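Peer 1: First the structure, which I've put down as structure tokens, then a few questions once you've had a look.
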Amino acid sequence: MQTFIPLEKRSKKEQKAYHRMQRGTWHGFDPVTRVVRNGKAYDRNREKRSLRAAENNC
């Protein structure tokens, strides 16, 4: 059985290893690129898509 050593008293390398194990994973995707677009902002491409969709429905 290992004795308990507080995190503050462990070496920096052991602290880093502990924190690395505590962190989760994003399973292969980058959370930074997952930004919700502003719905009120003007988007030229959205205007084009809506016009083309209206033309195709007629």
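Peer 1: How far is helix 44-57 tilted off the main Cα axis of the chain, in degrees rounded to 10, range 0 to 90?
Peer 2: For helix 44-57, the angle is close to 50 degrees.
Peer 1: So if I place +1 on the C-beta of Lys and Arg and -1 on the C-beta of Asp and Glu, and nothing else carries charge, what would the dipole magnitude of the chain be about its Cα centre? I want it in debye, nearest 20.
Peer 2: On the way: 15 positive and 6 negative charges, 38 e Å.
Roughly 180 debye for the chain.
Peer 1: Determine the calculated [θ] at 222 nm for the chain from helices alone, applying -39500 (n - 2.57) to every DSSP H run no shorter than 4 residues and normalising by the residue count; nearest 500 deg cm²/dmol. Don't skip to the end; give the middle numbers.
Peer 2: Working: 2 runs with 25 residues, N = 58.
Estimated from H runs of four or more residues: -13500 deg cm²/dmol.
Peer 1: What residue among Ala53, Gln2, Asn38 has its Cα farthest toward the positive end of the dipole of the chain, where the charges are +1 on Lys, Arg and -1 on Asp, Glu, each on the Cβ?
Peer 2: Gln2
Peer 1: Measure off, as a whole percent, the carbon and sulfur share of the 1.4 Å-probe accessible area of the chain, all protein chains present. Mind showing how you got there, number by number?
Peer 2: Working: 3420 of 6420 Å².
Using a 1.4 Å probe with all protein chains present, the chain comes out at 53 percent carbon and sulfur.
Peer 1: Counting only heavy atoms of the protein chains, get the accessible area per residue of the chain (1.4 Å probe) and round it to a whole Å² value.
Peer 2: Working: 6420 Å² over 58 residues.
Each residue of the chain exposes 111 Å² on average to a 1.4 Å probe.
Peer 1: Among the trypsin sites (Lys or Arg not before Pro) in the chain, which ones are in a DSSP loop with at most 15 other Cβ atoms within 10 Å of the Cβ? Mind listing them? Write down the numbers at each step before the final one.
Peer 2: On the way: sites: Lys9, Arg10, Lys12, Lys13, Lys16, Arg20, Arg23, Arg34, Arg37, Lys40, Arg44, Arg46, Lys48, Arg49, Arg52; in loops: Arg10, Arg23, Arg34, Arg37, Lys40.
Those satisfying the criteria are Arg10, Arg23, Arg34, Arg37, Lys40.
Peer 1: Average the reciprocal distances over every distinct pair of alpha-carbons in the chain, invert the result, and give the Kirkwood radius in Å.
Peer 2: Details: mean 1/r = 0.0586 Å⁻¹.
Value: 17.1 Å, from the Cα pair sum.
Peer 1: Turning to a different aspect of this structure: Work through the residues other than Leu51 whose Cβ is under 13 Å from its Cβ and net out their charges, Lys, Arg +1 and Asp, Glu -1. Before the final figure, lay out each step's value.
Peer 2: Working: positive: Arg44, Arg46, Lys48, Arg49, Arg52; negative: Asp43, Glu47, Glu55.
Within the 13 Å Cβ shell, the charges total +2.
The values are calculated or read from the model by the stated rules, or taken from the named source; none is laboratory data. Predicted, not measured: the structure shown is a model, and the values here were computed from it. All Cβ positions, even for glycine, are placed from backbone atoms using ideal geometry, and neighbour counts span all protein chains on display. Heads up: the accessible areas ignore ligands, DNA and RNA and are worked out on the full protein's heavy atoms, side chains in. Shrake-Rupley method; radii C 1.70, N 1.55, O 1.52, S 1.80 Å.
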